[in-house]
Amino acid sequence: MTDETNLRVPIAPQQVDAPLTKMAIFLVLVVADTDGAMDTARGVVSGIDDLVKNVAIRDLTGHLSCTVGIGARVWAELTGRSLPAELHPFREVVGQQHTAIATPGDLLFHIRSERADLCIELERQILQALGDSVTVADETQGFRYFDTRDLLGFVDGTANPVGPDLPEATLVGDEDPDHTGGSYVVVQKYTHPLGVWQKLTTEQQEAVIGRRKIDNVELDDAVSGQKSHKTLSTIVDDAGEHDILRDNMPFASPGQGLYGTYFIGYTRHLWVIERMLERMFIGDPPGLHDRLLDFSTVQTGSTFFAPSLGELTAIADAGSDGATDAD
Ligand code: HEM
């Protein structure tokens with residue numbers, strides 16, 4: 001896991017728990033169906049550590065990090081390895097009023113840094129190396145909004161796991177030995193009709209989220225009826241509570257009236273995020289969906305697996321002339 005105080009060398013790629021930063025880029029790409037595209041993409045993702053080093057060394061205090069995720073559609077051909085046990089394309093969740101849509105995405109680059117220029121330079125070098133082997137499905141530049149608030153005005157990320165709970169919640173263990181140390185990643189881009197949200201009273205907004213706005217204190221769960229976002233996204237079973245790691249970022253273009261939240265969740269078990277989505281979009285009980293969705297329009301939805309750095313660099317040998325060992 002990351003040593004945030006180490007300014008001797010760049011942060012190694014695929015550190016799911018890389019530092020929270022002031023800026024992030026979420027880049028979702030589709031690999032072209034042309035000769036050589038898969039080979040080019042394989043070369044770039046397996047060599048991501050060199051690209052990150054190129055840029056990160058120019059200011060280590062910028063905490064540049066990059067996590068690469070690979071989607072189910074290209075996994076076998078790109079990596080030559082067995083499919084991670086739970087990896088499949090994003091499954092739409094259809095509720096009575098809101099649908100979590102599935103949108104294309106073969107590669108995800110989650111780039112984080114304190115400095116916008118470092119993020120953009122790394123993105124530029126990645127896209128230049130990929131050339132016409134990919135098309136851009138979505139590119140979102142996120143920014144820190146005050147004390148890590150979303151644009152709805154609430155502190156976002158509080159309930160993330162810490163200490164030993166963090167790797168426990170995010171990294172695949174012995175249950176899938178070919179992919180130990182990797183993490184499932186789900187991304188969704190939401191836009192907010194801020195004017196409508198601002199018509200609610202602060203108390204109404206707090207009931208939607210489940211925390212107080214000013215000081216972030218958690219509210220009690222509703223005893224019956226409409227549940228808050230924090231309650232619907234809490235997954236508990238006989239094994240206890242199942243956490244995920246979120247690194248959501250606001251994005252905006254006020255001149256175009258565009259305000260949004262980019263959701264990104266890392267998890268050891270993909271089913272945990274899928275269960276959260278079902279509870280949000282279908283509701284618990286069904287019909288009582290997450291009211292956050294009445295003020296958040298979902299624009300994208302894609303699922304990836306972010307292999308450990310060891311697994312990612314090993315795929316370099318998986319050319320069309322032979323697959324790598326799945327070990
Ligand atoms: C518009 C999109 C979203 C916004 C603005 C948002 C905002 C928030 C806020 C403000 C909190 C309370 C503070 C915190 O613990 O971070 C929260 C909690 C949480 N959210 Fe979201 N969220 C969004 C989407 C999602 C999605 C799509 C998921 C999962 C699929 C999710 C999962 C969670 C979880 C697990 C918690 C912590 C619950 C707890 O244990 O207290 N969120 N979210």
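The values are calculated or read from the model by the stated rules, or taken from the named source; none is laboratory data. Remember, predicted model here, so these are calculated numbers, not experimental data. Cβ placement follows ideal geometry from the backbone for every residue including glycine, while neighbour counts extend to all protein chains displayed.
The combined condition, being modelled with pLDDT of 95 or more, out of contact with any strand residue (DSSP E or B) (no Cβ under 8 Å at 6 or more places or on another chain) and either assigned to a helix (DSSP H, G or I) or surrounded by fewer than 18 Cβ atoms within 10 Å (Cβ to Cβ) (or both), is fulfilled by Asp132. Only one residue in Thr202, Thr234 is of a type outside the set (Gly, Ala, Ser) and either in contact with a helix residue (DSSP H, G or I) (Cβ under 9 Å, 6 or more places away or on another chain) or within 24 Å of Leu20 (Cα to Cα) (or both). Which one? On inspection, the qualifying residue turns out to be Thr234.
Within the range 235-261, residues that are within 15 Å of Thr170 (Cα to Cα) and assigned to a helix (DSSP H, G or I) have Cβ atoms under 9 Å from residues that are within 14 Å of the ligand (Cβ to nearest atom) and not aliphatic (A, V, I, L, M) in no pair, counting only partners at least 6 apart in sequence or on another chain. Scanning the range 1-45 for residues that are hydroxyl-bearing (Ser, Thr, Tyr) and either surrounded by 21 or more Cβ atoms within 10 Å (Cβ to Cβ) or without any contact (Cβ under 8 Å) to a residue 12 or more places away in the chain (or both) gives Thr5, Thr21. Out of Ile282, Ile244, Ile264, one residue alone is crowded, with 20+ Cβ neighbours inside 10 Å, aliphatic (A, V, I, L, M), within 8 Å of the ligand (Cβ to nearest atom) and under 24 Å from Gly95 (Cα atoms). It is Ile244.
The residue that is nearest to Leu277 (Cα to Cα), among those in the range 206-234 that are outside any loop (DSSP other than H, G, I, E, B) and touching a Lys or Arg at 6+ places or on another chain (Cβ under 7 Å), is Leu232. Among the residues of the range 215-227 satisfying the criterion of being touching a helix residue (DSSP H, G or I) at 6+ places or on another chain (Cβ under 8 Å) and away from the ligand (no atom under 12 Å from the Cβ), which is nearest to Trp197 (Cα to Cα)? Going through the qualifying residues, I end up with Gln226. Checked against the criteria, Gly210 counts as within 11 Å of the ligand (Cβ to nearest atom), at positive phi and crowded, with 16+ Cβ neighbours inside 10 Å. If you go through the range 301-327 and keep only what is modelled with pLDDT under 95 and charged (D, E, K, R), you end up with Asp317, Asp321, Asp325, Asp327. Taking the residues in the range 138-156 that are within 15 Å of the chain's Cα centre (by Cα) and in a strand (DSSP E or B) as candidates, determine which candidate is farthest from the ligand (Cβ to nearest atom). The extreme case among them is Glu139.
The sole residue among Ala72, Ala116, Ala159 that is at pLDDT 95 or above, surrounded by fewer than 22 Cβ atoms within 10 Å (Cβ to Cβ) and within 16 Å of the ligand (Cβ to nearest atom) is Ala159. Out of curiosity, is Thr191 modelled with pLDDT of 95 or more and surrounded by 14 or more Cβ atoms within 10 Å (Cβ to Cβ)? The answer is yes for Thr191. Scanning the range 35-92 for residues that are part of a helix (DSSP H, G or I) and in contact with a His (Cβ under 9 Å, 6 or more places away or on another chain) yields Ala56, Ala72. If we keep just the residues of the range 162-198 that are farther than 22 Å from Phe305 by Cβ and without any contact (Cβ under 8 Å) to a residue 24 or more places away in the chain, which is nearest to the ligand (Cβ to nearest atom)? Out of the qualifying residues, it is Val162.
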